[in-house]
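Working notes for the structure below.
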Amino acid sequence: MIYKKETEKQDFSQKEVAKKTIFWALLIYCLSCLISSFFITKNQTSFILLNGFFSLISFGLSSFFLAFYLKSDQKTHTVLGLSTPNKDKLKSIFVFSAIFILILIVYFIIINILKSSTQGAFRDLLNQLEIVEKEKLNRIFSKKNISILILNFSFIGFIVPICEELFFRGLLQASFHTLTKNSWIGIIITSLIFSLLHFSILHFFPIFIFGLWVGVLREKTNSIYIGILLHCINNLFTLVNLVTNG
């Protein structure tokens, strides 16, 4: 009976910590977005540096601070998933990765078919969304300026993916898992937030699927390192594609 009460007390305490972590993490992010909106500039170099700086603060440093301050009874690196990946789960990692890659391939095939075969309002909508995405990319990307290219590959290719994985898979997913006592609910909620905060209607679904993919890998391996690697590869591939085809 005493053991049961202690367990319930500990469970309640963990949920309270999870609630505080989620609240403060999202509040810090929202404040960061609000503050960064006051520093909007047409200069590409300044824009990239400012976004990289706010990403570092709102995602990276805030993750370490909240993990250390709110979850003081656990080691910070353990809370954030900065542990050696569990190699016993390699088979399930490959299976889940194959499933999510297949879903993404099917999605892009369907989108391309719809773009080429449909007429009227729906096709116009897809084209308009593509134009909006290209305008967003042109704001931060330039093939002609080598310094901007270096900044893009440094920030978007490495710093942003690392900080985002620390924040979403390291901090938020673990907190939602603790709060709901269900790993899948934690993965799904975190992936939805991850996709929504990219502010892209056209790419909402693939970003959501990618979030599920790295979320499952974090859950299976107790580590965010594989997710960081995949996130960096994804962003670098996008940048290379822009350089060669943009």
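The values are calculated or read from the model by the stated rules, or taken from the named source; none is laboratory data. In this text the structure is predicted, and so the values were computed from the model without any measurement. Neighbour counts run over all protein chains shown; Cβ positions are idealised from the backbone, glycine included.
Observations, loosely collected:
- Subset of the range 119-144 that is assigned to a loop (DSSP other than H, G, I, E, B) and touching a helix residue (DSSP H, G or I) at 6+ places or on another chain (Cβ under 8 Å) - its residue that is modelled with the highest pLDDT: Phe141
- Residues of the range 145-203 that are under 30 Å from Arg123 (Cβ atoms), hydroxyl-bearing (Ser, Thr, Tyr) and part of a helix (DSSP H, G or I): Ser191, Ser195.
- Residue tally, condition at pLDDT 70 or above and surrounded by 14 or more Cβ atoms within 10 Å (Cβ to Cβ), over the range 32-46: 1
- Test result for Phe176, closer than 30 Å to Leu242 by Cβ and crowded, with 21+ Cβ neighbours inside 10 Å: no
- Qualifying residue in the range 205-227 (condition: touching an Asp or Glu at 6+ places or on another chain (Cβ under 8 Å), farther than 23 Å from Val95 by Cα and surrounded by 14 or more Cβ atoms within 10 Å (Cβ to Cβ)): no
- Residue pairs meeting the criteria (Cβ under 7 Å; at least 6 apart or on separate chains; first over 18 Å from Tyr107 (Cα atoms), in the range 192-208; second of a type in the set (A, V, I, L, M)): Ile193/Leu172; Phe194/Ile207; His198/Ile207
- Gly81 passes every criterion in (1) part of a helix (DSSP H, G or I); (2) surrounded by 12 or more Cβ atoms within 10 Å (Cβ to Cβ); (3) at pLDDT 80 or above; (4) out of contact with any Phe, Trp or Tyr (no Cβ under 7 Å at 6 or more places or on another chain) apart from (1).
- Residue that is nearest to Arg218 (Cα to Cα) [pool: residues in the range 166-200 that are of a type in the set (A, V, I, L, M) and out of contact with any helix residue (DSSP H, G or I) (no Cβ under 6 Å at 6 or more places or on another chain)]: Ala174
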